[in-house]
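A short write-up of the structure that comes next.
The values are calculated or read from the model by the stated rules, or taken from the named source; none is laboratory data. Owing to the predicted nature of the structure, the values given are computational and were not obtained by experimental measurement. Cβ atoms come from the backbone with ideal geometry, glycine included; neighbour counts cover every protein chain shown. Just so you know, the surface numbers come from the protein's heavy atoms only, side chains and all, with ligands and any DNA or RNA stripped out. Shrake-Rupley method; radii C 1.70, N 1.55, O 1.52, S 1.80 Å.
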Amino acid sequence: MSTSSRCAACRHLRRRCPSDCIFAPYFPANDPHRFACVHKIYGSSKVGNMLQDLPVELRAEAADAICIEAECRVQDPVYGCVRMISLLQQQIHNAESQLVKARAEIAVLGSHAQELRHHVQDI
């Protein structure tokens, strides 16, 4: 990789981007914020080691997860991703409660409709 097309990590670290750069596939030059968050929370050597220790086919997904976690931690230093997970769990709980209520209403309306049909047939 030439110096003019350094990845966001190498640019952030102000170093030459080698052709086998562990960061280049996951931190493109056009998205410097992605690496900045990761570097701020985890540091470049930890992230590099994590990616290096994974099989190549799992690295992109791991880099995405690391980025999401880092961005959440930058936005909410105390709770990070836990806040988002809690909010999503609450939304699931609310949706499940609404579903139970809707099913109960459908059952009541269905029984009323059946009663009306029987009543009409009796007339």
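Which GluC sites (Glu not before Pro) from segment 16-88 combine a DSSP loop assignment with at most 15 other Cβ atoms within 10 Å?
Those that pass, being in a loop and sparsely packed, number zero.
Applying 1/(1 + (r/R0)^6) with R0 = 35 Å to the Cβ-Cβ distance of Asp31 and Leu88, what FRET efficiency is obtained, to the nearest 0.05?
0.90
How much length is gained if the chain between Val100 and His112 is pulled fully straight, taking 0.36 nm per residue apart and subtracting their Cα-Cα distance, in nm to one decimal?
Contour length minus the Cα-Cα distance gives 2.5 nm.
For segment 68-123, which whole percent of the accessible surface, found with a 1.4 angstrom probe, sits on carbon and sulfur atoms?
Exposed carbon and sulfur together represent 61 percent of the surface.
Within the chain, what's the longest stretch lacking trypsin sites (Lys or Arg not before Pro) that sit in DSSP loops with no more than 12 other Cβ atoms inside 10 Å?
My reading of the result: 17-123 is the longest stretch.
For n ≥ 4 DSSP H runs only, could you compute -39500 (n - 2.57) per run for the chain, divide by its residues and tell me the 222 nm figure to the nearest 500?
It comes out at -24500 deg cm²/dmol, rounded to the nearest 500.
What helices does the chain hold that run 18 Å or longer along their axis, going by alpha-carbon atoms, with a Kyte-Doolittle average of 0.0 or more, using DSSP H for the helix calls?
56-75
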